[in-house]
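Engineer: My questions will all concern the structure given below.
Where a number appears in this text, it was derived from the coordinates with a stated rule and is not lab data. All values derive from a computational prediction rather than experimental measurement. Methodologically, a virtual Cβ is constructed for each residue, glycine included, from the backbone with ideal geometry; neighbour enumeration extends over all protein chains shown.
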Amino acid sequence: MAFRYPNGQLFSSNSTPNSTANETSKTAKRTNFANRGMRFEEAINHSNDYYLTHDIAVIHKKPTPLQIVKVDYPRRSAAVIKEAYFRQPSTTDYNGVYKGYYLDFEAKETKNKTSFPFKNFHEHQINHMRSCLKQGGICFILLWFSSIQRCFFLSSEVLITLWEQQASGKKSMTLTQVETEGIEIYPKIAPRIPYLDAVDEFICKKE
């Protein structure tokens, strides 16, 4: 099935509307997540299922609005979508409610061992985070360094500050900056990515 962006450009797993070098898309193939053969996003989804079934939080991956433009009907009882468009640029990956707090976050992955490229983040995502922060939401990103098997929570406030350094020519945030400004998350069996532990720590630091 062919998916197209609002500008009509064909979507592929190795490109975005503005760039063909999106690091997250490049790592679409399965990675050995925490020695369980699981992709990062899949592990987060499993974690959200765990949080929901144990009445801890209600957090879901946001659906992407699609406009279907071509459908084939090989037989009366079946329809096959052949072409569709993304109606609008995506904001962030996940949102929900936890302990009365609105959570909104993005999950990103890189194979880089010592830095996280800013090209993984798009301006419309940064602007969305700014808007959520103005309303008192807890916004953050989950970063997965696949080559070194390390995961971090980084608040959107810190991300935005670092992201704005692109104006001075910087292309990425260093692992040292992430270690200093973020909270490391240690994967386990259940939940796979216990990121709410980092959220609790973040809330305590703010109070």
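Engineer: By how many nm would the segment from Glu201 to Gln149 lengthen if fully extended, with 0.36 nm per residue of separation less the alpha-carbon distance? Walk me through the intermediate numbers first.
Structural biologist: On the way: separation 52, 0.36 × 52 = 18.72 nm, distance 2.14 nm.
Additional length available on full extension: 16.6 nm.
Engineer: Ok, one more. Do any of Lys61/Lys170; Lys99/Lys206; Lys171/Lys206; Lys108/Lys188; Lys111/Lys206; Lys134/Lys205 go past 27 Å between their Cα atoms, and which? Walk me through the intermediate numbers first.
Structural biologist: On the way: Lys61/Lys170 31 Å; Lys99/Lys206 15 Å; Lys171/Lys206 29 Å; Lys108/Lys188 19 Å; Lys111/Lys206 31 Å; Lys134/Lys205 19 Å.
Over 27 Å apart, Cα to Cα: Lys61/Lys170; Lys171/Lys206; Lys111/Lys206.
Engineer: If you don't mind, there's one more thing I want to ask. I want to check the label-to-label distance for Ala167 and Lys99. Put each point 7 Å from Cα in the C-beta direction and report it in nm to one decimal.
Structural biologist: 3.5 nm
Engineer: Please give me the summed charge of the neighbours of Glu123: other residues whose Cβ is under 14 Å from its Cβ, Lys and Arg +1, Asp and Glu -1. Before the final figure, lay out the partial values.
Structural biologist: Numbers: positive: Lys119, Arg130; negative: Glu106, Glu164.
Charge balance near Glu123 sits at 0.
Engineer: Then there is this: Classify region 141-207 from the C-alpha gyration tensor, please: rounded if a/c falls under 1.5, else prolate or oblate depending on whether a/b exceeds b/c. Please report the intermediate quantities before stating the final value.
Structural biologist: Working: a/c = 2.91, a/b = 1.44, b/c = 2.02.
It comes out oblate by the Cα gyration axes.
Engineer: Continuing with this model, one more query. Determine which residues of region 150-172 fall in the zone a paramagnetic label at Thr180 would reach in this model, i.e. backbone nitrogen under 19 Å from the point 7 Å along Cα→Cβ.
Structural biologist: 152-172
Engineer: Multiply the residue separation of Ser131 and His54 by 0.36 nm, subtract the distance between their alpha-carbon atoms, and state the gained length in nm to one decimal. Present the calculation step by step, with values, prior to reporting the outcome.
Structural biologist: Values: separation 77, 0.36 × 77 = 27.72 nm, distance 3.03 nm.
That works out to 24.7 nm of additional length.
Engineer: Which of the peptides 95-103, 120-128 is most tightly packed, and how do the rest follow, going by the mean number of other Cβ atoms within 10 Å of each residue? Before the final figure, lay out the partial values.
Structural biologist: On the way: 95-103: 14.3, 120-128: 17.1.
Ranking, from highest mean packing down: 120-128, 95-103.
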